Amino acid sequence: MTFGTRVSRGIPSMTSFPSKLLNVDMRKCLILLMFFAMAFFASAQDTIMLQSVEVKAVAIRSNELETTMGRRMDTSVINRLSSVPMSQLLIQHSPVFIKTYGPGGIATASFRGTTASHTLVLWNGFQLNAPSLGQVDFSTIPVFMTDQISLKWGAGTSVNSGGLGGVVSISNDEYFCKGLIVNLKQTYGSFNTLGSYATLGYSWANHLLRVKAYRASSDNDFTYNNIGVIPHQKMKQKNADYTDYGMMPEYQWRFGNSLITIVSWNQKSHRNCPQIMPNVGNDNTVEYTDNDFSRNYISFKNYWNTGKIEVKSSYFFENQHYVLNTFTDIGTPVTTTDSKNTANVFHQIADVEQNLFRSWKINAKIQWDHEQVKSNDYDGEKKRDVFSTYAALSGNVLKNIDLRVTLRNDIVDSKSAGFFPTATVSYSCAYLKGLKISAGYSHNYRNPSLNDLYWNPGGNPDLKPEDGKTVDGNLNFTRTFERLSVESQVGAYYSQVSDWIQWKPTSYRYWVPENVSTVTAYGAEIHLKLNYKLERWNFSVSGNYVYSHTTDENDKQLIYIPLHHANAFADVSWRGWSLSYTLEYTGERKTSMNDNEFYGFRLMPYALHHVSMGKHFWKLDIELKINNLTDKDYQAILWRAMPGRSYEVSLNFKL
């Protein structure tokens, strides 16, 4: 007899939960049927011949189409880089381009040649993009605070508005039957960089209580070659220290066919801002940022044989404070900037999935977002309400062909933003196992940020939303042989964004955002991962290459978007020992839209090499890292110093 799923005690993992419940009921029916059949035939004959019986059930299918338009980050990479900010993980192991101001500085993400505002960031389905800026600083997201990280692009971004380039999704895992939870990690590195990380908790059969906490700090006073002064000279960076700390308590309770989750993510940071290279001689400047937030949510999930529903609610609070003061030698103020922003955001979401017939499934979601920002850079408090409806239908059109279509509508402050459809078709090759070919079309939009609309001076309340359309195609090949596993993906895309929002200078010495003409982006992405096991040896190689061509109406590549960027990672392990190598490559970037720009406004390409060696024994992991092995002198942002060779040692204890 063949059964659809194996049954375990307690509530199973939620992805397979409904199918398991269905199989339990079918098994009971089958046992009763066999009992009565045996009793009947036993009264008629001594020998009983039973025919084989096969029972099948249709489970709620994971969305295979979305995996062709995205990727989930390897949990081993997340665990290995748990003490770094999210920006560093994405730089080294994803196709996403990160624009970074260096350690302790702002780091923003760019998908497929778009800007930071076109990258949507979700935490357990809730949007993290600040309503004021419309973007996320990835240097403030410790990998340690996450369990799962996934990327989506093209039609995979249809569930939410705003992700014209792509979506970075982070989430907390369901975590039961694990017993005592202890995970302690301590790091120390160059420039007095110190990190302390702890996870403590207990996981019962139906309850989880877990607390994550961390503190990271650095003097960040590395020596660099200052090419912004004449003659060039070696200098030590000043006023660049930072301190971040945070805590995330979490509770999960499952009962019957339901699960309740409560999480609170709280962080504070203080970061001093160093001078740019040409201004290092000016010591009469005070510049820093303070940022703190509290992100809280509660969710309820209920499962039945062929579907599930999730209802969740969140409240996010964020406070941002930026100070820039300059003085003369005798202490007279020259420039004073004191910007304070307080945001209160509420999210309410109801999401339903239901199997229909055969392989077909429907998904429907409604969402209400309320944004409220108070800033001394606005003329009073500003608010925005967005009510969204979303529906998706997916299933097998033919044996090897899957189809997914979606439709989304948003109502922004009582005005409809329009309807935004997507469609994706995927073909699983019958002649080459593991090969999948997919193509998709997506239509999405992004509302202007509140800074775009209301900043004083310069805000433009007449801005229109950005409207983006994308077509893309992917070849995915995933195959596991006896000792070798292969994962590869080749994709190409073409997109147009009309009413692109761009800040431009005016004759009044301040900038104003405007809707410019259509911006066109096209490019290609290649991903490859190989893993080979031989007795106690394990070899792993992975890499990403991205070509991004993004131009405005004058056919000029947009600033700070490289045509080429890539990364590669290689690791070998044996009997607890490991040795790894990481490569980061960033191509040439423009920093000015001026036709007559001179050579100094172009950032030259650079490659960074990192190595690490580690040893695992008992419950301990110890690792030594060497970053920027060749001591490369480079700039990621014009006139911003970047560190040369540096070292870090880490000790991790985990039960």
Some residue of the range 504-521 being open to solvent by less than 30 Å² (accessible area, probe 1.4 Å), of a type in the set (Gly, Ala, Ser) and touching a strand residue (DSSP E or B) at 6+ places or on another chain (Cβ under 9 Å): yes
Looking only at the range 449-464, and only at residues there that are surrounded by fewer than 22 Cβ atoms within 10 Å (Cβ to Cβ) and among the small types (Gly, Ala, Ser), the one that is nearest to ASP385 (Cα to Cα): GLY459
Given (1) at pLDDT 95 or above; (2) open to solvent by less than 50 Å² (accessible area, probe 1.4 Å), index of the condition GLY331 fails: (1)
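Can you name the residue in the range 417-448 that is of a type in the set (Gly, Ala, Ser) and outside any strand (DSSP E or B) and is also least open to solvent (accessible area, probe 1.4 Å) among such residues?
Here is the first cut: in the range 417-448, the ones of a type in the set (Gly, Ala, Ser) are 417-418, 423, 426, 428, 430, 434, 438-440, 442.
Applying the additional criterion that residues be outside any strand (DSSP E or B) yields 430, 434.
On the way: ALA430: 68, GLY434: 31 Å².
My answer is GLY434.
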Among (1) touching an Asp or Glu at 6+ places or on another chain (Cβ under 7 Å); (2) at pLDDT below 95; (3) of a type in the set (A, V, I, L, M, F, W, C) - the single one VAL263 does not satisfy: (2)
One residue from ASN183, ASN220, ASN239 being surrounded by 18 or more Cβ atoms within 10 Å (Cβ to Cβ) and either outside any strand (DSSP E or B) or among the acidic types (Asp, Glu) (or both): ASN220
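Does GLU623 meet the test of being over 30 Å from ALA492 (Cα atoms), in contact (Cβ under 8 Å) with a residue 24 or more places away in the chain, part of a strand (DSSP E or B) and among the charged types (D, E, K, R)? Steps first, please.
Working: over 30 Å from ALA492 (Cα atoms): yes; in contact (Cβ under 8 Å) with a residue 24 or more places away in the chain: yes; part of a strand (DSSP E or B): yes; among the charged types (D, E, K, R): yes.
Yes; evaluated as a whole, the condition is true for this residue.
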Scan of the range 223-234 for residues that are crowded, with 17+ Cβ neighbours inside 10 Å and over 12 Å from ASN279 (Cα atoms), ordered by number: TYR224
Qualifying residues in the range 86-117 (those that are polar (S, T, N, Q) and outside any helix (DSSP H, G or I)) - the one most open to solvent (accessible area, probe 1.4 Å): THR115
Among (1) in contact with a Lys or Arg (Cβ under 6 Å, 6 or more places away or on another chain); (2) modelled with pLDDT under 95, the one test that GLU466 misses: (2)
Subset of the range 196-212 that is within 20 Å of LEU81 (Cα to Cα) and touching a Pro at 6+ places or on another chain (Cβ under 9 Å) - its residue that is surrounded by the fewest Cβ atoms within 10 Å (Cβ to Cβ): VAL211
Flag if PRO461 is more than 24 Å from the chain's Cα centre (by Cα) and not in a strand (DSSP E or B): yes
Some residue of the range 381-395 being open to solvent by 20 Å² or more (accessible area, probe 1.4 Å), of a type outside the set (D, E, K, R) and over 30 Å from the mean Cα position of the chain (by Cα): no
Test: residue in the range 180-191 that is within 16 Å of the chain's Cα centre (by Cα) and either under 22 Å from MET73 (Cα atoms) or at pLDDT below 95 (or both): no
Near pairs, Cβ below 8 angstrom, 6+ apart or cross-chain, from the range 76-103 (under 18 Å from VAL546 (Cβ atoms) and in contact (Cβ under 8 Å) with a residue 24 or more places away in the chain) to any residue that is surrounded by fewer than 23 Cβ atoms within 10 Å (Cβ to Cβ) and acidic (Asp, Glu): ILE91/GLU584; GLN92/GLU584; HIS93/ASP74; PRO95/GLU525
Residues of the range 165-180 that turn out to be more than 30 Å from GLY154 (Cα to Cα) and acidic (Asp, Glu), as a count: 0
All positions within the range 293-327 that are open to solvent by less than 20 Å² (accessible area, probe 1.4 Å), in contact with a helix residue (DSSP H, G or I) (Cβ under 7 Å, 6 or more places away or on another chain) and over 21 Å from GLN367 (Cα atoms): none
Elements of type strands (runs of 3 or more DSSP E) contained in the range 478-596, each with 1 or more residues being out of contact with any Cys (no Cβ under 9 Å at 6 or more places or on another chain) and over 30 Å from HIS609 (Cβ atoms): 484-498, 501-505, 511-515, 519-534, 537-551
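Please tell me if ASN344 is part of a strand (DSSP E or B) and either among the charged types (D, E, K, R) or surrounded by fewer than 19 Cβ atoms within 10 Å (Cβ to Cβ) (or both).
yes
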Test: residue in the range 346-358 that is in contact (Cβ under 8 Å) with a residue 40 or more places away in the chain and over 28 Å from the mean Cα position of the chain (by Cα): yes
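The values are calculated or read from the model by the stated rules, or taken from the named source; none is laboratory data. Given the structure is predicted, the values throughout are model-derived calculations rather than measurements. Note: ideal-geometry Cβ built from the backbone for every residue, glycine included; neighbour counts use all protein chains shown. Areas reflect the complete protein model, heavy atoms only, side chains present, ligands, DNA and RNA absent. Shrake-Rupley method; radii C 1.70, N 1.55, O 1.52, S 1.80 Å.
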